[in-house]
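The next block holds one structure in the form of structure tokens; read it before the comments.
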Amino acid sequence: MKRNVVWNLWWLIPLLAVPSFAQQPVIERIADGELPSLLSIYKDIHSHPELSGHEERTSALVAKELRAAGCDVTDHFGRYENPNLKGYGVIGVMKNGNGPLLLVRTDMDALPVKEETGLPYASSVTARNDEGKEVPVMHACGHDAHMAAFIGTARALQKLKEQWHGTILFVGQPAEETGNGARALLKAGLYSRFGRPDFALGYHDNSQMVIGHLGVTEGYTYANIDMVDVVVRGVGGHGAYPHKTKDPIVLSAEIITALQTIVSREKDPVDPVVLTVGSIHGGTKHNIIPDEVKLQITVRTYKAEVRDRVLAAIDRIAKGCAMAAGVPPDRAPIVNLLKDQFTPAAYNNPDLTRRLVGAWKRVLGAENVEKTDPAMVGEDFSEYSLPDHSIPACDFWIGAVDPGKMAESKKNGTALPTLHSSRFAPVPEPTIRLGIIGMTTAVLELMKR
């Protein structure tokens, strides 16, 4: 029994060097005082995940906690392109006199993943996705920890009102994983109804960073994400008579290979681009040459001009390969850019980021604040800064990994579970604690009296 108690409290070891509770900085004292109830909230959310666009229970919990923290709350907020989706956005307004308007955001949705963490509070939930298929559901990206820290931040700032002035918009955002949640809130009038913020702040747990460490990137942080569908059309027939067909499978193979020359030969080597053909579907039987093959492509870029060049090249190469193969013009490939699934690149305003880094180093210690590399993942937090990045924004990382597991990984070369893995879960207490301290420190820096 004693060994279990010690093991469950191992994460407190790095905090033993911290001054006694009465001597701790006030933000840390508040965070530590809130942790027990926040851990219960975290476990409850983790055990009851909901898919993107279906966050009914989760959003109700977030709304309830924001009201308890002193916010004026608007729930069921948001308008999607798909009329079948309900808006489950939660907007909590905390006013404290005149001053800046600041947006603090958390995401709320989970993923169609079967959990394999072995945690006692692991999810066993299944739900129907938008296609009507029954799928397992898991918080495999740490949004449960984000929400717990978000609620803790609201509680902390309510208790610290003598240290800041202005208005905070606490935004509980649905559908981050599908890339359309932030857009749904903005389409519903987030800024016209509640005001255009002077700053926007967000965070994300990091599956490759140890607990107690906060990481941030200046400038481009996450990538533009585009989805492209290509229908490669040919002329089908019997496998014994290929000369009487135009084989779309062979043509698709040529197109896929040629597309990689966009990255290696058509763009400046210093501009990052990732082009992935993630899905190929064609044919029904061994001896039948089909009429068409369908490709699904993801394009990841940072700069707008690079994005435009890559997308134009996909269209040109697909149609050029078909022409070279003798495919009739009326059977040319159909290239469809899925505009409603576009996620713009996230850009951390350099001046804002440097200012926050200074505050974080004073509170957390310089050794616990890391300069991180940009990532080619997508994150629709970018929507809040608007396409021209005219609203200064910063999205930062929160370390979520057990230091012992990190050391073992480096020693043995074994990979740690990544975000979206069925085996990933943050170490909850220190991840939530740092989320509260990091976000509260940032808000106080920008809204201090």
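Only helices enter the 222 nm calculation for the chain: every DSSP H run of n ≥ 4 contributes -39,500 (n - 2.57), and dividing by all residues gives -11000 deg cm²/dmol, rounded to 500.
Here the simple spin-label model places points 7 Å from the Cα toward Cβ, and for Arg196 and Val274 these points are separated by 3.3 nm.
State the extension gain, in nm to one decimal, for the chain segment bounded by His286 and Lys43, taking 0.36 nm per residue of separation less the distance between their alpha-carbons. Mind showing how you got there, number by number?
Working: separation 243, 0.36 × 243 = 87.48 nm, distance 4.99 nm.
That pair, His286 and Lys43, stretches by 82.5 nm at full extension.
Would you kindly find the accessible area of Tyr191, with a 1.4 Å probe and non-protein molecules such as ligands, DNA and RNA excluded, rounding to the nearest 10 Å²? Counting only protein heavy atoms, Tyr191 exposes about 30 Å² to solvent. Cross-link partners of Lys187 among lysines, defined as those whose alpha carbon lies under 30 angstrom from its own and excluding same-chain residues fewer than eight positions apart: Lys64, Lys86, Lys95, Lys133, Lys303, Lys339. Residue order by solvent-accessible surface for His46, His389 is His389, His46, largest first, with ligands and nucleic acids left out and a 1.4 Å probe. Across all Cα pairs in segment 35-166, the calculated P(r) in 10 Å bins from zero up to the longest distance comes to 12, 39, 31, 14, 4, 0 percent per bin. Placing unit charges on the Cβ atoms of the charged side chains and taking the dipole of the chain about its Cα centre, the candidate lying farthest along the positive direction among Val137, Val171, Ser421 is Val171. Heavy-atom accessible area with a 1.4 Å probe sorts Val377, Val327, largest first, into Val377, Val327. How charged is the neighbourhood of Leu39? Take every other residue with its Cβ under 14 Å from the Cβ of Leu39, and add Lys/Arg as +1 and Asp/Glu as -1. Net charge around Leu39: -3. Taking the DSSP beta bridges with both ends in the chain, the antiparallel portion is around 70 percent. Take Ser40: with every protein chain present and a 1.4 Å probe, its accessible area is about 80 Å².
Among residues other than Ile30 with Cβ under 9 Å from its Cβ, the summed charge is 0 (Lys and Arg +1, Asp and Glu -1).
A compact globular protein would have a Cα radius of gyration near 2.2 N^0.38 Å; the ratio found for the chain is 1.08.
Any idea what the dipole of the chain comes to, in debye rounded to 20, about its Cα centre with Lys/Arg Cβ at +1 and Asp/Glu Cβ at -1? List each step's numbers first, then the result.
On the way: 48 positive and 52 negative charges, 74 e Å.
Approximately 360 debye in magnitude.
On a 0 to 90° scale, report how tilted helix 26-47 is relative to the longest principal axis of the chain, with both axes built from alpha carbons and the result rounded to the nearest 10. That helix lies at roughly 40 degrees to the long axis.
The calculated P(r) of segment 235-274, using every Cα pair and 10 Å bins from 0, goes 26, 31, 20, 16, 6 in percent. Springs between Cα atoms under 10 Å define the GNM used for the chain, and in it the highest mean-square fluctuation of Pro428, Pro272, Pro329 occurs at Pro329. A simple spin-label model places pseudo-atoms 7 Å from Cα toward Cβ; at Glu408 and Arg331 they are separated by 5.7 nm. For Leu186 and His76, the difference between the fully extended length at 0.36 nm per residue and the C-alpha to C-alpha distance is 38.2 nm. Peptides 107-117, 139-149, 287-297 ordered by packing proxy, namely the average of other Cβ atoms within 10 Å per residue, highest first: 139-149, 107-117, 287-297.
Shown is the FRET efficiency for Arg355 and Thr261, computed with R0 = 51 Å from the Cβ-Cβ distance and rounded to the nearest 0.05: 0.75.
In the P(r) worked out for segment 114-250, what percent of Cα pairs fall beyond 24 Å?
Working: 5476 of 9316 pairs.
The proportion of pairs with Cα distances above 24 Å equals 59 percent.
Residue order by solvent-accessible surface for Thr261, Thr440 is Thr261, Thr440, largest first, with ligands and nucleic acids left out and a 1.4 Å probe.
For the chain, what does the relative contact order come out to in percent, with C-alpha contacts under 8 Å and a separation of six or more? Before the final figure, lay out the partial values.
Values: 949 pairs, mean separation 100.9, N = 449.
It rounds to 22 percent for the chain.
Percent relative contact order of segment 24-173, based on C-alpha pairs within less than 8 angstrom and at least six residues apart? Can you show the working numbers first?
Values: 279 pairs, mean separation 49.9, N = 150.
Relative contact order here is 33 percent.
GNM on the chain, alpha-carbon springs under 10 angstrom: the most fluctuating residue among Gly181, Gly202, Gly326 is Gly326. The heavy atoms of Thr221 present about 0 square angstrom of accessible area, all protein chains included, probe 1.4 Å. Here the spin labels are modelled as points 7 Å beyond Cα on the Cα-Cβ line, and at Glu162 and Val231 they lie 6.8 nm apart.
When only the Cβ of Lys, Arg, Asp and Glu is charged (+1, +1, -1, -1), the dipole of segment 149-220 relative to its Cα centre reaches about 360 debye.
The values are calculated or read from the model by the stated rules, or taken from the named source; none is laboratory data. Quick caveat, the model's predicted, so the values are computed rather than measured. Counting neighbours? That spans all protein chains shown, and the Cβs are built from the backbone with ideal geometry, glycine included. In case anyone asks, the SASA skips ligands and DNA or RNA and just uses the protein heavy atoms, side chains included. Shrake-Rupley method; radii C 1.70, N 1.55, O 1.52, S 1.80 Å.
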